[in-house]
Amino acid sequence: MFAGVIAAIICAGLKNQYVEATTWFMIVYLALLAITLVIAIADNALHRYRLALLTMIGVGLSLNVSHIGYYINATIGTLQAMSASLIFVEIPLFFWVIILGSGPGTYLAEVCGMDGRGRGSMPTTEVSMSQVNYRHTVNSATGGTRSSIADYYSSDLHQSMMSGKRPDSSAVVYKARALYPYEANPDDPNEVSITKDEVMLVIDDSGKWWQVKKENGTVGIAPSNYLARITT
């Protein structure tokens, strides 16, 4: 994609007098789009910005197609070459639409890291229902009188779990390693941020959001598909 953009810039520069002003806008737009994709890949954040990227790519595809059709019929060889270079930009953009548009569980999502089971990926989490279930579990376990995570961790149930006792089948104590980094929602004080390969103590894995205690003593909930139990 970068090669196509660079080739288009060279061709447009050689025959600038025949190039429309909107063509330069499109070329700059495509260059910024390519840089944005590289940054998103480097930051392992494709899944976070997939909708924004799909929108940007859709605009780029539309602009690119119209200019390909305009210059491909030109009588000047340089402009025809620019049209060919834009075709080489169009092809990867087409595949990016397929990749970013593939939902969780699809083959492309797994291969390209857009799914929780993909290599080097960061899985999506179901926030609303899992957190509702979590709060229901906490309230039930503490008699329905405690609603905050701090109160829960000061409760008798928490103390029993930390001591290694298991008052019920859902209470567990073991170490887990973070497979991916996760940034806690600032609007939810119950969540905790984790970094990749961070080791923490899991004290309840009954839902999709596990109750964990970090090495610095911080306690809260983290998405279960970001964690893996340490078996050795």
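What a 1.4 Å probe finds exposed on the range 171-223 is 48% carbon and sulfur by accessible area, rounded to a whole percent. Among the GluC sites (Glu not before Pro) in the range 170-211, those located in a DSSP loop and surrounded by at most 13 other Cβ atoms within 10 Å of their own Cβ are GLU183. With the highest mean first, a sort of the peptides 211-218, 200-207 on other beta-carbon atoms found within 10 angstrom per residue produces 200-207, 211-218.
In whole percent, and with a 1.4 Å probe on the protein chains, what portion of the accessible area of the range 13-94 is carbon and sulfur?
Solvent-exposed carbon and sulfur of the range 13-94 make up 70 percent of the total.
Checking the cross-link filter: which lysines have an alpha carbon closer than 25 Å to that of LYS196, excluding same-chain neighbours under 8 positions apart? Reachable lysines: LYS175, LYS208, LYS213, LYS214.
The values are calculated or read from the model by the stated rules, or taken from the named source; none is laboratory data. It should be emphasised that the depicted structure is a prediction, and the values quoted were computed from it without experimental measurement. Quick reminder, even Gly has a Cβ in these numbers, built from the backbone with ideal geometry, and neighbours come from all protein chains shown. Surface accessibility is based on the protein's heavy atoms, side chains included, excluding ligands, DNA and RNA. Shrake-Rupley method; radii C 1.70, N 1.55, O 1.52, S 1.80 Å.
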